[in-house]
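*Asks:* Pasting in a structure now, in structure tokens, and then I'll have a few things to ask.
The values are calculated or read from the model by the stated rules, or taken from the named source; none is laboratory data. It should be emphasised that the depicted structure is a prediction, and the values quoted were computed from it without experimental measurement. Note that each Cβ is placed from the backbone with ideal geometry, even for glycine, and that neighbours are counted across all protein chains shown. For accessibility, only protein heavy atoms count, side chains too; no ligands or nucleic acids. Shrake-Rupley method; radii C 1.70, N 1.55, O 1.52, S 1.80 Å.
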Amino acid sequence: MASSSSYNPPCAACKFLRRKCIAGCIFSAYFPAEEPQKFANVHKIFGASNVGKLLKELLPHQREDAVNSLAYEAEARVRDPVYGCIGAISFLQSQADRLQKELDDANADLFRFNDIYTSN
């Protein structure tokens, strides 16, 4: 006899934690079974209990952004345990500063060349 209920695979969080994924699982909408590493990183850095508490405190429309932020920071922390995403931000800021200096130098050169050709 076939079962009338459809089988739902456990979310990445429940699979990782080796527990049954219930219908109201707070993690299932944000950690699909196809993205196990996303939850593994978040769990390693923040802990499943802390993430679950955080998600329950947030309004439903805020949860996806929170999970995306946690996942981004967790992945950055796995890559760079000391600085996390701050390391990437610092690198990009120094690159932007260097490019701004190059642009300022190029504009100064253009101004000088323009000044030379218009004064003759």
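*Asks:* Please determine, in degrees from 0 to 90 and to the nearest 10, the orientation of helix 48-57 with respect to the longest principal axis defined by the Cα atoms of the chain, where the helix direction is its Cα long axis.
*Replies:* Rounded to the nearest ten degrees, it is 80.
*Asks:* At a 1.4 Å probe radius, carbon and sulfur cover how many percent of the accessible area of the range 1-82?
*Replies:* Carbon and sulfur atoms account for 54 percent of the accessible area of the range 1-82.
*Asks:* Right, something else. Considering only lysines 8 or more places apart in sequence, or on different chains, count the pairs in the chain whose C-alpha atoms sit under 28 Å apart.
*Replies:* Lysine pair count for the chain: 12.
*Asks:* Write down the accessible area per residue of the chain in Å², having rolled a 1.4 Å probe over the full set of protein chains.
*Replies:* Numbers: 9170 Å² over 120 residues.
Spelled out: the 1.4 Å probe surface of the chain, per residue, equals 76 Å².
*Asks:* Another question, then. With r as the distance between the Cβ atoms of K20 and F46 and R0 = 30 Å, compute the FRET efficiency 1/(1 + (r/R0)^6) and round to 0.05. Before the final figure, lay out the partial values.
*Replies:* On the way: r = 22 Å, r/R0 = 0.75.
So the FRET efficiency works out to roughly 0.85.
*Asks:* Towards the positive end of the charge dipole of the chain, with charges on Cβ (+1 Lys, Arg; -1 Asp, Glu), say which of Q100, A29, A76 has the farthest Cα.
*Replies:* A29
*Asks:* If you don't mind, another one. Please give me, ordered by residue number, the chymotrypsin sites (Phe, Trp or Tyr not before Pro) of the range 1-76 that lie in loop per DSSP and have at most 16 other Cβ atoms within 10 Å. Each step should come with its number before you reach the end.
*Replies:* Numbers: sites: Y7, F16, F27, Y30, F39, F46, Y72; in loops: Y7, F27, Y30.
Here the chymotrypsin sites (Phe, Trp or Tyr not before Pro) that fit, given the DSSP loop and packing criteria, are Y7.
*Asks:* No partner Cβ under 4.7 angstrom, meaning no disulfide-compatible partner by this rule: which Cys of the chain qualify?
*Replies:* Cysteines lacking a close Cβ partner in the chain: C11, C25, C85.
*Asks:* Then there's this: Please return the longest range in the chain lying between exposed loop sites, taking trypsin sites (Lys or Arg not before Pro), DSSP loop only, at most 16 other beta-carbon atoms within 10 Å, and leaving the sites out.
*Replies:* On the way: sites that count: R18, R19, K20.
For trypsin sites (Lys or Arg not before Pro) (loop position, at most 16 other Cβ atoms within 10 Å), the longest site-free span of the chain is 21-120.
*Asks:* Then there's this: For a paramagnetic label modelled at 7 Å from the Cα of E64 toward its Cβ, which residues of the range 9-29 fall within the zone defined by backbone nitrogen distances under 20 Å?
*Replies:* What the label zone holds, given the 20 Å backbone N cut-off, is 11-13, 24-29.
*Asks:* Continuing with the same structure: Stretched out fully, how many nm does the piece from E102 to Y117 gain, at 0.36 nm a residue minus the Cα gap? Present the calculation step by step, with values, prior to reporting the outcome.
*Replies:* Numbers: separation 15, 0.36 × 15 = 5.40 nm, distance 2.25 nm.
Extra length from E102 to Y117 when fully extended: 3.2 nm.
*Asks:* Taking the Cα atoms only, what angle lies between the long axis of helix 60-79 and the longest principal axis of the chain, rounded to 10 degrees?
*Replies:* Computed tilt is about 70 degrees.
*Asks:* Let me ask you something else. Of the listed values (1) 7.6; (2) 13.0; (3) 23.0, grab the one calculated as mean projected area of the Cα convex hull in nm² from the structure here.
*Replies:* Answer label, from the structure shown: (2).
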